[in-house]
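Everything below concerns the one structure shown next.
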Amino acid sequence: MNRRRQIYEGKAKILYEGPEPGTLIQYFKDDATAFNAQKKGTINGKGVINNRISEFVFTRLSHIGIPTHFIRRLNMREQLVRQVDIIPLEVVVRNVAAGSISKRLGIEEGEPLPHTLLEYYYKDDALGDPLIAEEHIACFGWASNEEMQDMSSMAIRINDFLCGMFAAVGIRLVDFKLEFGRLWDGDYSRVILADEISPDGCRLWDMATGEKLDKDRFRRDLGGEEDAYTEVARRLGVLQDDGPSEVFDLSHHRKLRGKK
Ligand code: 5GP
């Protein structure tokens with residue numbers, strides 16, 4: 001019987017009380033949502049893959065000095081993390097135009113941006129996570145100037161590192177979303193990276209074919225979500241290699257949609 005106390009249930013994860021004070025267990029679900037939960041579904045095995053990918057990415061980031069909430073992976077779907085107060089912001093890093101920036105500003109998807117863009121969204125489901133300016137963050141006290149400095153400099157370092165990491169396995173990092181939290185030590189807190197980094201919150205395009213390897217497959221009804229997530233994990237080397245695998249091919253999903 002599961003006697004653990006549930007602290008929070010989100011769209012893709014559940015947080016349980018951890019075994020020691022100051023720790024939580026982060027459980028990865030297969031549930032997928034899009035458009036502020038107006039679209040709901042399941043991507044079979046997503047939780048298992050995202051747990052592995054996020055473990056891999058957070059571990060690599062800690063090696064370059066990024067402080068994170070990740071402690072260790074516990075099992076197929078769970079990891080032990082440090083308890084933080086989540087800062088109510090989504091920090092989005094963009095290298096290439098896609099998604100909401102293309103829609104909002106009429107920039108063609110796939111257009112490389114002149115330089116990396118950082119955007120901030122206020123985390124509030126009821127409001128649909130609106131895009132906000134740094135002035136709003138200061139005005140409403142959602143983060144201090146010092147915390148903004150820490151988050152923006154970490155976001156740029158994370159982007160530089162992840163662009164290289166994904167490029168090495170033939171994947172273009174188009175954009176991604178980060179969340180940060182406050183880790184308290186007495187009256188003082190420091191900002192650390194929290195949440196997850198996985199194909200749920202990143203746009204990842206195959207460099208050779210342009211094929212989408214992320215949650216846009218679900219959002220845009222492209223099909224092949226499981227294959228795409230598995231392919232990202234396989235390329236990063238986080239899945240056991242069972243010998244020669246089938247050639248990665250999402251063309252049958254394209255054919256199903258009536259495109260060549
Ligand atoms: P956009 O603003 O274009 O919809 O999203 C930009 C990037 O941030 C995409 O990689 C997208 O996956 C990620 N992102 C933005 N908001 C969310 C969110 O609420 N949940 C998740 N999982 N990813 C998000």
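For segment 137-260, the Kirkwood estimate of the hydrodynamic radius, built from every pair of different alpha carbons, is 16.8 Å. Once label points are set 7 Å from the Cα along Cα→Cβ at both residue 20 and residue 145, what is their separation, rounded to one decimal in nm? Label at residue 20, label at residue 145, 3.7 nm between them.
In this structure, the amide hydrogen of residue 68, modeled 1.01 Å from its nitrogen in the peptide plane, lies closer than 5 angstrom to those of 193, counting only residues at least 5 positions away or on a different chain. Using only the C-alpha atoms, the convex hull of segment 28-108 corresponds to 146 Å³ per residue.
In terms of Cα atoms, the Rg and Dmax of segment 111-198 work out to 14.8, 46 Å.
With contributions of -39500 (n - 2.57) from each DSSP H run of at least four residues, the per-residue ellipticity at 222 nm computed over the chain stands at -9000 deg cm²/dmol. Distance from the Cα centre of segment 67-103 to that of segment 139-165, in angstrom? What the calculation gives is 12 Å, centre to centre.
How big is D for segment 1-140, in µm² s⁻¹ as a whole number, if Stokes-Einstein is applied with the Kirkwood radius of its Cα pairs at 25 °C and 0.890 mPa s? Can you show the working numbers first?
Working: Rh = 17.4 Å.
Taking Rh from Cα pairs, D becomes 141 µm²/s.
Relative contact order of the chain: 16 percent, from C-alpha pairs under 8 Å at least 6 residues apart in sequence. Averaging the sequence gap over all C-alpha pairs within less than 8 Å and six or more residues apart, then dividing by the number of residues, gives segment 144-239 a relative contact order of 20 percent. Once you have the Kirkwood Rh of the chain from its Cα pairs, apply Stokes-Einstein at 10 °C and 1.306 mPa s and quote D in µm²/s. In µm²/s, the coefficient rounds to 82.
Rule-based calculations on the coordinates, nothing more; no lab input. This one's a predicted model, so the numbers in the text were calculated from it and none came from an experiment. Note that each Cβ is placed from the backbone with ideal geometry, even for glycine, and that neighbours are counted across all protein chains shown.
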